[in-house]
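The values are calculated or read from the model by the stated rules, or taken from the named source; none is laboratory data. Since the model is a prediction, treat every value here as computed from it, not as a measurement. A quick note on method: Cβ atoms are made from the backbone with ideal geometry, for glycine too, and the neighbour counts reach across all protein chains shown.
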Amino acid sequence: MDASERIPYERYFEVSMTPEPGQPLHSYEYLRRLTSGVLDEYPTIDAHTHLGRDVDGRSLSLPDLLAELDRFHVDRAVVFPFNDPEQGDDFRVPNERVWAAYEQAPERIVPFMRLNPNGPWEQEYERCRDRGHRGIKLHPRAQHFAIGSSRARELFARAAADQLPVIVHTGFGVEDVADAIGELLAGPNGLTLLLAHSSFIEMNQALRVLGPRSNVYFETSVVPAYDLIEVLTTVDPSRVIFGSDLPYADCYTGIQSLAVMASFAGIGVDRLPDLLGGNLLRILNRRPRTEGSG
């Protein structure tokens with residue numbers, strides 16, 4: 001954003017940006033005011049949450065996940081495994097944990113499988129796909145693979161053929177991800193890709209290379225404010241998707257930062273339903289192909 005595109009001064013003082021007297025800042029009531037009631041009228045879907053436990057010591061149970069969603073009136077959440085100590089070669093155990101959570105709360109949980117392209121992923125992919133997992137989570141840093149590696153390309157190709165969206169970590173610990181994804185997407189291949197954290201580690205390159213691609217979506221969890229406004233002023237709002245990164249961050253922060261930065265970017269409140277759930281819902285409504293389907 002150059003000097004000619006600076007945020008108009010008056011936007012910093014919009015009434016909705018401040019809580020009403022006596023209203024806690026960290027509350028659903030404030031978020032409802034901030035979003036002009038959108039949270040009451042349209043579905044909110046979190047694109048980035050975890051379940052189980054991580055090798056770093058973090059954990060999140062289904063009751064705690066649902067409690068967080070309920071606290072801020074988030075209707076549904078995409079859920080996938082952590083970098084789980086029980087992942088083995090194929091993530092079967094943590095994928096099973098996510099599916100069990102879905103069976104307990106099918107109206108709230110959107111199950112995504114997690115896979116390791118370096119391992120024997122094919123059988124677990126087919127098992128999860130045929131059972132009903134709605135997408136795939138990949139983490140190049142945690143599973144030590146390059147996006148452009150032959151094994152990763154095979155997995156991306158399968159996902160594209162089966163119309164399964166892939167959310168890929170593009171935050172700390174990965175390098176040159178924008179160019180690698182650009183090469184991956186060269187030519188028509190039908191892959192729907194969500195950039196977890198909007199590739200904020202190399203924002204300018206990501207916006208230049210991936211911003212024009214209609215099948216790449218920018219997921220907003222833990223994106224710094226100055227990078228988030230770059231996304232919102234560069235990428236069409238139909239390709240920006242709310243995520244929280246629970247439990248590393250929370251729903252409140254994800255909704256609050258996205259709503260505030262959208263206002264600063266001049267995006268009208270009429271687009272908030274898309275940013276907070278509608279864009280993701282359109283992706284999820286594309287039914288994946290399963291074994292034996294046409």
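Looking at Ile229, Ile181, Ile136, Ile167, just one residue is hydrophobic (A, V, I, L, M, F, W, C) and farther than 28 Å from Asp54 by Cβ, and that residue is Ile229.
Quick check on the range 97-113: of everything there that is in a helix (DSSP H, G or I) and of a type in the set (A, V, I, L, M), which residue is surrounded by the most Cβ atoms within 10 Å (Cβ to Cβ)? Here the residue is Val98. Taking the criterion of being more than 15 Å from Leu246 (Cβ to Cβ) and assigned to a helix (DSSP H, G or I), the residues of the range 63-96 that qualify are Arg92, Val93, Pro94, Asn95, Glu96.
When the residues of the range 182-229 are narrowed to those that are small (Gly, Ala, Ser) and in a loop (DSSP other than H, G, I, E, B), which ends up surrounded by the fewest Cβ atoms within 10 Å (Cβ to Cβ)?
First, the residues of the range 182-229 that are small (Gly, Ala, Ser): 182, 186-187, 190, 196, 198-199, 206, 211, 214, 221, 225.
Pick out the ones that are also in a loop (DSSP other than H, G, I, E, B) and you get 186-187, 190, 211, 214, 221.
On the way: Ala186: 8, Gly187: 5, Gly190: 11, Gly211: 18, Ser214: 9, Ser221: 25.
Across the range 182-229, the extreme among qualifying residues is Gly187.
Scanning the range 133-181 for residues that are assigned to a loop (DSSP other than H, G, I, E, B), touching a residue at least 40 places away in the same chain (Cβ under 8 Å) and under 20 Å from Ile283 (Cα atoms) yields Arg134, Asp162, Gln163, Leu164, Pro165. Within the range 77-90, track down each residue that is closer than 26 Å to Glu29 by Cα and free of Cβ contacts under 8 Å to residues at least 60 places away in the same chain. Hit for the range 77-90 is Val79, nothing else. Filter the range 180-199 for residues that are modelled with pLDDT under 95 and either in contact with a Pro (Cβ under 6 Å, 6 or more places away or on another chain) or among the charged types (D, E, K, R) (or both) and give the result. Correct list: Glu183 only. The residue that is farthest from His73 (Cα to Cα), counting only those in the range 262-294 that are part of a helix (DSSP H, G or I) and either modelled with pLDDT under 95 or β-branched (Val, Ile, Thr) (or both), is Phe264.
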